[in-house]
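The values are calculated or read from the model by the stated rules, or taken from the named source; none is laboratory data. From a predicted model like this one, the values you see are computed outputs, not experimental measurements. Glycine also receives a Cβ, built like all others from the backbone with ideal geometry; neighbour counts cover every protein chain displayed.
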Protein chains: 2
Amino acid sequence: MTEDLRPLGNPSSENFRLDAYPFYLLNRAASRYNVVIESELRRIGIDIPAWRVLMILGEAQPLSIGQVAKSAVINMSTMMRIIERMTKAGLIETNPSEADGRVKEVLLTDHGKAKLADARIVTAPLYDKIIKGFSAAEFSTMLQILERLHDNLE
Amino acid sequence: MTEDLRPLGNPSSENFRLDAYPFYLLNRAASRYNVVIESELRRIGIDIPAWRVLMILGEAQPLSIGQVAKSAVINMSTMMRIIERMTKAGLIETNPSEADGRVKEVLLTDHGKAKLADARIVTAPLYDKIIKGFSAAEFSTMLQILERLHDNLE
DNA sequence: GGATAACAGTTGTAAATGCAATTATTATGC
DNA sequence: GCATAATAATTGCATTTACAACTGTTATCC
């Protein structure tokens, strides 16, 4: 029987501890991951925002700029600038939507697809390294927990 | 017996899925949390970086600028600017270290302590809301998983 | 069907970020 | 003990970010 750590992670608690605060740990893990992954991505000439967009479009396309922004949890106006840069770099292209005159559809170019393949290659070893030590059950639990955190933030 | 999802989360996998990629979920959860928490913090006039520094100093002080930066996983030069702003706002103060002439020690002012108390008050309800639904055991598992992810990224 | 609201995208602007170079101080090797 | 390397903090500068205001298009309500 282990101690109930939930009160310790409550910011308003008397005996609050940073290392029991899930969002501190969440941000810390995410930040560190980004630092590590960024140096890998630099080698193939892309940054984290571009990589996120590539990943998102790699799974479903075309997507509107708004949809991409929402998926990536990135501000719409920031996403505009990212789309601009990526278009200039030839990674993606945009077309006005047939169905809705307000919408611009974003999709990968061949160059973008190739870059995504490169990105997968350079990030895969890192993935293996980090996942090592997680059993299938633990991995599944991790996904569920992250999903739940996200849902609770709706 | 559930399926082993680990291969699905591998970026180089044939049938890769974003929603099985832990770092996508990690970043998404962290981003959303930041968006939500930011609007709470705005009400008491601080931003996320300042809040992170307050939390860190609230647990241990004084700390060198470098230590604060490391704890927060924020670039040192960025942390310099944050320290500057917070000093100007009267939340923290800095003194040269006795022991090491290169080091500047950072600590909370009374105003900083009061602001930290405010921050805890406005963030606590959010904490409760998000934590609700997690058992003590699940909560503990969550902390362990985040800790492990972080350690694996060393 | 026309006014009004909601929505997708776009841009100006100010602030934040981080790389790279610099200074000042302390640790290390011989 | 002195030269050299390592470390902590600092700043210039170019890039990135996001708020707020704006345009154009579609949905809603009477």
Every residue from segment B:102-154 that is facing chain A (nearest Cβ under 9 Å) and among the acidic types (Asp, Glu): B:Asp128, B:Glu138, B:Glu147, B:Glu154
Counting only residues that are more than 9 Å from every other protein chain (Cβ to nearest Cβ) and either assigned to a loop (DSSP other than H, G, I, E, B) or closer than 30 Å to A:Lys132 by Cβ (or both), segment B:1-45 contains a total of 8
Considering only residues that are of a type in the set (D, E, K, R) and closer than 23 Å to A:Lys104 by Cβ, look in segment A:30-58 and name the one that is surrounded by the fewest Cβ atoms within 10 Å (Cβ to Cβ). A:Asp47
Just to be sure I understand the filter: pairs with C-beta atoms under 6 Å, separated by 6 or more residues or on different chains, first member in segment A:1-12 and of a type in the set (Ser, Thr, Tyr), second member at pLDDT 85 or above. Which pairs pass? A:Thr2/B:Ser140; A:Ser12/B:Arg120; A:Ser12/B:Ala124
Right, A:Gly90: touching a His at 6+ places or on another chain (Cβ under 8 Å), more than 28 Å from B:Leu143 (Cβ to Cβ) and within 16 Å of DNA strand D (Cβ to nearest atom) or not? yes
Residues B:Ala119, B:Ala124, B:Ala50, B:Ala72: which one is touching a Pro at 6+ places or on another chain (Cβ under 8 Å), within 16 Å of DNA strand D (Cβ to nearest atom) and within 26 Å of A:Ser13 (Cα to Cα)? B:Ala72
Conditions (1) farther than 21 Å from B:Leu41 by Cβ; (2) away from DNA strand D (no atom under 12 Å from the Cβ); number of the one not met by B:Ala114: (1)
Scanning segment B:80-101 residue by residue, the ones that are within 8 Å of DNA strand C (Cβ to nearest atom), at pLDDT 95 or above and either farther than 22 Å from A:Arg28 by Cβ or crowded, with 17+ Cβ neighbours inside 10 Å (or both) total 1
